[in-house]
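Structure first, then comments.
The values are calculated or read from the model by the stated rules, or taken from the named source; none is laboratory data. Treat the numbers as computed from the prediction; the structure is a model and nothing was measured. Using ideal geometry, Cβ is built from the backbone for each residue, glycine included, and neighbour counts are taken over all protein chains shown. Calculation scope for accessible area: heavy atoms of the full protein, side chains included, ligands and nucleic acids excluded. Shrake-Rupley method; radii C 1.70, N 1.55, O 1.52, S 1.80 Å.
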Amino acid sequence: MFPPFDQELARHYCMEFISGIEDGSIILKQISKESEERKGHGVMVGALVCVDAAGQRVVLQAVSGISVMALRVPQGPQCKLEKIIVPPLVPPEEIEKALEKNDKKIHELTYAIEKCVTTEQNVVPEPVEGPSKKQLEAERTQLTTESLLNVFNLYTFTRFDGKKITLNEIIKEHGGKLPPTGTGDCCAPKLLSYAFEHGLTPISMDEVFYGRDTPNKKNGVSYPPCDERCGYILPSILGLEILYRDSSIIVINKQSGLLSVPGRTADKQDCVVNRVKKLFPNCITQPSVHRLDMETSGLLVLAFTQEAHRNLSRQFEEGTVHKKYVALIDGVFDHNEYKGELQLKFRLDVDNRPHQIYDEENGKLGITQWEKEGTVLYTAPDGSKRRTTKIIFTPKTGRTHQLRLAASDPHGFGIPIVGDTLYGHCEPGERLMLHAFELEFKHPISGEHMHFEIHPSC
């Protein structure tokens, strides 16, 4: 995943930490049994540079995993800069206890499966009584999944807003898809959770590998948070899935259900803009240059500086920003053509806000290019299935609810997008199946061509 914060300052403290390990001022103490596959391997060393409420710098440091604990050896008078070594989120003895219930049986099943494999490889296999290899593997999978869930039950993180979120809640956000073992034990979630729990504001974060070179990692090299584990949980801890960030702009993948900008009432202040300003306090007051409906997911670019904001706003006004959306419309669209263009005029329905209605005389023109990609068998939250049609939309204007109306209005397709609460039907647990998957623009400072593409996970 893309590093959520600048790495340069934190790298200095990672290298300082490594120097401490080598000169003995920091000890790596083995606190639980090291697995066979991890023997002789190195560790990731992480640092998160923060500021506290008084503006004082605080440095958090950590090592990856749960088998090793870092301890600082007292060296006499300490410098004024506060440095804290962050421990594992869950003590290793609690994890061992959670695994203990099924551990013996899993090992027995593994041994039995290996015997089956050996027997299958014999030229003249001897008849074997008892469960088949497939049955044994199924039983082992069930037990290992149960053990994994027992471990995941132990993990709770502190989010960007100071609220708690459990790993089980994050798993629900991913539709029940389980993350790999060790999720939560990397440096980044430890450091960020500790910072947010103690009211600290991150300004720089880095992770450096320390140990013997491997095919995937080199000693002394910085690496971004890993995709497999950190990419799974950090967006929930940070409140944003950050795809790109530099000193001028940030690009995120907005989740469905989150406002792009704050509303007028107190209950509508949680939004992309306020989350960006919370994570990056030096951001300008109004970083938004475009927005997505609350129910629409996908790519958004925001500006950190006034110069970047002016440039990006001009690109949107001139129509030089390229955007594409993917939608599932709730039915079979059997139009003879496979692509085309809709030019429809809509205006606000003043008696039924925020709905828009077709009005050929008083409406504003919305131009949308479309392309049919075929039918898709959609599975609803209740498990039922129905035929839908996948459509790629390329809007040429930016009218309110333009794509939702292009799909639902009789002057358009006459078939609403799946999960549309305003112009269609939304079952419990369902979401609007509209996602901004492609975004192209020129970098507001360098002029570099920027292209982002991210497809929905469901």
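Quick look at the numbers
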{"read-out": "Residue within segment 214-237 that is over 26 Å from residue 26 (Cβ atoms), touching a residue at least 40 places away in the same chain (Cβ under 8 Å) and among the acidic types (Asp, Glu) present", "value": "yes"}
{"read-out": "Among residues of segment 170-210, those that are in contact (Cβ under 8 Å) with a residue 24 or more places away in the chain, open to solvent by 20 Å² or more (accessible area, probe 1.4 Å) and closer than 27 Å to residue 381 by Cβ, counted", "value": "5"}
{"read-out": "Top-ranked residue in segment 361-383 [being in a strand (DSSP E or B), aliphatic (A, V, I, L, M) and open to solvent by less than 70 Å² (accessible area, probe 1.4 Å); ranked as nearest to residue 345 (Cα to Cα)]", "value": "365"}
{"read-out": "Residue that is surrounded by the most Cβ atoms within 10 Å (Cβ to Cβ) [pool: residues in segment 275-305 that are in contact with a strand residue (DSSP E or B) (Cβ under 7 Å, 6 or more places away or on another chain), among the aliphatic types (A, V, I, L, M) and not in a loop (DSSP other than H, G, I, E, B)]", "value": "302"}
{"read-out": "Any hit, segment 348-355, residues being under 27 Å from residue 290 (Cβ atoms), at pLDDT below 95, among the aliphatic types (A, V, I, L, M) and in a loop (DSSP other than H, G, I, E, B)", "value": "yes"}
{"read-out": "Any hit, segment 396-414, residues being in contact with a strand residue (DSSP E or B) (Cβ under 7 Å, 6 or more places away or on another chain), open to solvent by less than 30 Å² (accessible area, probe 1.4 Å), assigned to a strand (DSSP E or B) and not β-branched (Val, Ile, Thr)", "value": "no"}
{"read-out": "Unmet criterion (only one of (1) surrounded by fewer than 17 Cβ atoms within 10 Å (Cβ to Cβ); (2) among the hydrophobic types (A, V, I, L, M, F, W, C); (3) at pLDDT 95 or above) for residue 391", "value": "(1)"}
{"read-out": "Number of the exception - residue 239 against (1) modelled with pLDDT under 95; (2) at positive phi", "value": "(1)"}
{"read-out": "Condition check for residue 420: more than 22 Å from residue 252 (Cβ to Cβ) and in contact with a helix residue (DSSP H, G or I) (Cβ under 9 Å, 6 or more places away or on another chain)", "value": "yes"}
{"read-out": "Failed item in (1) closer than 30 Å to residue 246 by Cβ; (2) over 25 Å from the mean Cα position of the chain (by Cα), with residue 138 passing the rest", "value": "(1)"}
{"read-out": "Of residues in segment 419-452 being out of contact with any strand residue (DSSP E or B) (no Cβ under 8 Å at 6 or more places or on another chain) and of a type in the set (A, V, I, L, M, F, W, C), the one nearest to residue 353 (Cα to Cα)", "value": "422"}
{"read-out": "Pair list, Cβ under 6 Å, 6 or more apart: segment 116-145 residue part of a loop (DSSP other than H, G, I, E, B), other residue modelled with pLDDT under 80 and polar (S, T, N, Q)", "value": "125/119; 128/119"}
{"read-out": "Any hit, segment 422-441, residues being open to solvent by 50 Å² or more (accessible area, probe 1.4 Å) and either outside any loop (DSSP other than H, G, I, E, B) or under 25 Å from residue 364 (Cα atoms) (or both)", "value": "no"}
{"read-out": "Verdict on residue 1 being at pLDDT below 95 and within 30 Å of residue 276 (Cβ to Cβ)", "value": "yes"}
